[in-house]
Amino acid sequence: MHAQNATLLCMSASRLIVLVLALAVAGCGERPKLERLPSDAVVLAFGDSLTYGTGATEAESYPAQLEQLIGRRVVRAGVPGELTAQALARLPEMLDEHAPRLPLLCIGGNDFLRRLGNQQAEGNVRAMVKLARGRGVDVLLIGTPEPGFAVTPPPFYAAIAKEFRLPYEDGAIGDVLKDNALKSDPIHPNARGYRIIAERVAAALKKSGAL
């Protein structure tokens, strides 16, 4: 009787171990992954003034600092004041010109400042992701916060990232803009702020397997 109970306990323990391992594997599969970037890969930092580097010099912009951190060419393709509709129209030319292995999409802040409605921004950001995917390249999405006390991105960024299984950096810009010591004006970082954004994006690239 004791031998039978011991056998049943061993079988139950074995099944439990198998279940735990299966759940662990499934959990690992949930994290969005990127292909590793070769040393000659081009990364396209695409967006508005936050990508352009307003409030700092070109060498202090987040794309320039990111290039130093990751050892890959990072193209600074930011246009100050650009709306998501304008960015969507511009993106095909940038993809054609630079043939990036990975676009970094950071856009939406001017739609929020002009109160154009999140629905329009969401549709345009989703269209940009689809456009890049249609060219055979993946995207790292960077959330742009809405004006206000919380300084957090609207939920649609996370929803798009989940829908397309994109790596998503949701807190870097908001964290910087909450700290006056890291800002050049109410809505733009300074050189130190852009450094933090670059470091957070580099960490997201590493976590996703791109580095």
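Scan the stretch 154-176 and tell me whether some residue there is of a type in the set (V, I, T) and under 19 Å from A64 (Cα atoms).
yes
Within the stretch 105-127, which residues are surrounded by fewer than 16 Cβ atoms within 10 Å (Cβ to Cβ), within 11 Å of G81 (Cα to Cα) and of a type in the set (A, V, I, L, M)?
Correct list: L113 only.
Could you say which residue among K178, K183 is over 16 Å from I107 (Cβ atoms) and touching a strand residue (DSSP E or B) at 6+ places or on another chain (Cβ under 9 Å)?
K183
Does the stretch 159-167 contain at least one residue that is open to solvent by less than 10 Å² (accessible area, probe 1.4 Å) and touching a Lys or Arg at 6+ places or on another chain (Cβ under 6 Å)?
So far as the stretch 159-167 goes, yes, one or more of its residues are open to solvent by less than 10 Å² (accessible area, probe 1.4 Å) and touching a Lys or Arg at 6+ places or on another chain (Cβ under 6 Å).
How many residues, within the stretch 168-189, are open to solvent by less than 30 Å² (accessible area, probe 1.4 Å) and part of a loop (DSSP other than H, G, I, E, B)?
1
Consider R73 against the criteria (1) touching a strand residue (DSSP E or B) at 6+ places or on another chain (Cβ under 7 Å); (2) open to solvent by less than 10 Å² (accessible area, probe 1.4 Å): it satisfies all of them except one. Which criterion is unmet?
(2)
Any chance the stretch 94-101 includes a residue that's under 15 Å from M128 (Cβ atoms), outside any helix (DSSP H, G or I) and either modelled with pLDDT of 95 or more or not charged (D, E, K, R) (or both)?
Checking the stretch 94-101: at least one residue is under 15 Å from M128 (Cβ atoms), outside any helix (DSSP H, G or I) and either modelled with pLDDT of 95 or more or not charged (D, E, K, R) (or both).
For the stretch 41-88, how many residues meet the condition of being assigned to a helix (DSSP H, G or I) and closer than 19 Å to P189 by Cα?
Of the residues in that region, 15 qualify.
For the stretch 162-211, which positions are among the small types (G, A, S), touching a residue at least 60 places away in the same chain (Cβ under 8 Å) and either farther than 21 Å from L44 by Cα or out of contact with any Asp or Glu (no Cβ under 8 Å at 6 or more places or on another chain) (or both)?
Hits for the stretch 162-211 are S184, A198, A202, S208.
In the stretch 130-150, which residues are more than 16 Å from A77 (Cβ to Cβ) and either part of a helix (DSSP H, G or I) or open to solvent by 10 Å² or more (accessible area, probe 1.4 Å) (or both)?
Result: K130, R133, G134, G136, D138, P145, E146, P147, G148, F149, A150.
From the list G71, G29, exactly one residue is at pLDDT 95 or above and within 30 Å of A198 (Cα to Cα). Which is it?
G71 is the lone residue from the list that is at pLDDT 95 or above and within 30 Å of A198 (Cα to Cα).
The values are calculated or read from the model by the stated rules, or taken from the named source; none is laboratory data. Keep in mind the model is a prediction, meaning the values are calculated, not measured. All Cβ positions, glycine included, derive from the backbone under ideal geometry; neighbour counts span all protein chains shown. These accessible areas exclude ligands, DNA and RNA; they are computed on the full protein's heavy atoms, side chains included. Shrake-Rupley method; radii C 1.70, N 1.55, O 1.52, S 1.80 Å.
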